[in-house]
Structures are given as C-alpha cells and as structure tokens.
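Here is the structure we will look at, set down as structure tokens.
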C-alpha cells in the first residue's frame, strides 16, 4: 500500500518496502493498534468512508501486503493490486492469491498495465508521497477509471503542527540521530495541501468530490514519540474533526484523503 513509485527514485524506496515486507513490518502496522500505528488505521477508516458501499472492480495502486483486500471483498468488489515492491507482491499472493477475484502484479503507478476505463474504483494510499510530482500518476488513475468512477487518494500535508514542531526541534534531532537514537527512514516525501492535490487531480480530468483529514495531534511531536500510547488516547477523539473546513483545526491534521470522480 505504499511503495508504488516513479522509476527515477525506485531503488531506495523499493529496497525500503522490500525489507518491511520481509520482516512483516508493514502488515504489523495494520494488525496492531497502538501509539505508533493508529494513524494507519485512521487513514484506512477515512478511505473506506469515502468509498461506495457497493464496489465494482477496484484497483489498489501501491497495495503493499493487501491491507484493503478484505474490505473490498466485503463490499462485493473484485481486487486488482499493484505494487513496485516484489516482496510486497509476494506477501500479498501468499495471503490472498487463493481467493477468486483477487489479483496481484508488480507494477508502476505512472504506467498502469490496465486498459482505459477498466476500473470502477481506484485506491492510492500512501503512494503519491514517493513521487516527485503527482501529475503522471493522477493521469494514469484517470485513464483507467470508467466515466463516473471514483478514486480515493491520500497525501501527507505540507503544513501541519508536527512540521512546525519538527523544525523547531531540528538541532535536537540531529544530536539524536548522531547518537543512534533516531528512528524512521530518510526517504523524501512529497507533501501537498488539500487544494494542491485537488488542482492536480483536476489537471488529470478528475473532479473533486469530497475529502477528509486524518491523524489530528493537538498533542504533537516530540510527545508523540516520547509517550505514543498516551498521545494516541488523548489525540484520537480529535479525529471527529476530520470533515473540518477550519484552517485552525486543519493545522492539527497530518494527512488528507481526497475523493475524485472521473468526468462522465
């Protein structure tokens, strides 16, 4: 669900997600809800809220280990998974390859191996941020969608409270990394504000049709690192703001989920 990227930056990102698949690290994030993983669960919940209750042929680009398969099948859909990481695809096939109407292949979001207008819905969760630009990926998503079809796309936001707090703490973070205490990968991320993702979608022929924000952290970094489970309990109630239009409330949300409809 994460490693579908442009070929120019592929090696480091594919290596990263191959390792996560081999140690089942990505699957574990969705298997357990704790202070380090709950935002993955919140993001998935927001995506499901924006999808139709009755699904058709669903393409999940950057499908990772197939964390959306069961939800799609429960809504009557068939599932096409694509991911650039061969290990993620192998893990998905091991888990779900025996199920009818479920298919996985290694593939590139900027060059999707499906015919025009062949999908009813497209998911792109935690994918666009690994590209240098969203335009080619969104054009491909638009191409494979049927007229009237729905795409649900997630993106980390460029402006939110943790961005500010991390910037303030930069000297301390350098010291922590030098001392070997820092965690997290060093992969670059493309971050967009909701309006920026909407405009990019419109350039690809996709019509904005709703959206939602997720991972609200009034208690922000570094508290989320120092006491993640406590912060989860105190921050989670603020997810009720996910439909907010307030600039102040939006500042506390890390990510955006946009729903887009291909023009009829």
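The values are calculated or read from the model by the stated rules, or taken from the named source; none is laboratory data. Owing to the predicted nature of the structure, the values given are computational and were not obtained by experimental measurement. Heads up, the Cβs are rebuilt from the backbone with ideal geometry, glycines too, and the neighbour counts pull from every protein chain shown.
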Qualifying position, being at pLDDT below 95, closer than 30 Å to residue 144 by Cβ and either touching a helix residue (DSSP H, G or I) at 6+ places or on another chain (Cβ under 8 Å) or surrounded by 13 or more Cβ atoms within 10 Å (Cβ to Cβ) (or both), among 185, 209: 185
Cross-chain or 6+ apart pairs with Cβ under 7 Å, region 97-112 first and free of Cβ contacts under 8 Å to residues at least 40 places away in the same chain, then surrounded by fewer than 14 Cβ atoms within 10 Å (Cβ to Cβ) and part of a loop (DSSP other than H, G, I, E, B): 105/113
Helices (runs of 4 or more DSSP H) fully within region 187-264 counting 3 or more residues that are closer than 28 Å to residue 52 by Cα and without any contact (Cβ under 8 Å) to a residue 24 or more places away in the chain: 194-203
Criterion: assigned to a helix (DSSP H, G or I) and within 20 Å of residue 130 (Cα to Cα) - qualifying residue of 93, 89: 89
The lone exception for residue 108 - which of (1) surrounded by 19 or more Cβ atoms within 10 Å (Cβ to Cβ); (2) out of contact with any helix residue (DSSP H, G or I) (no Cβ under 9 Å at 6 or more places or on another chain); (3) more than 25 Å from residue 214 (Cβ to Cβ) it fails: (2)
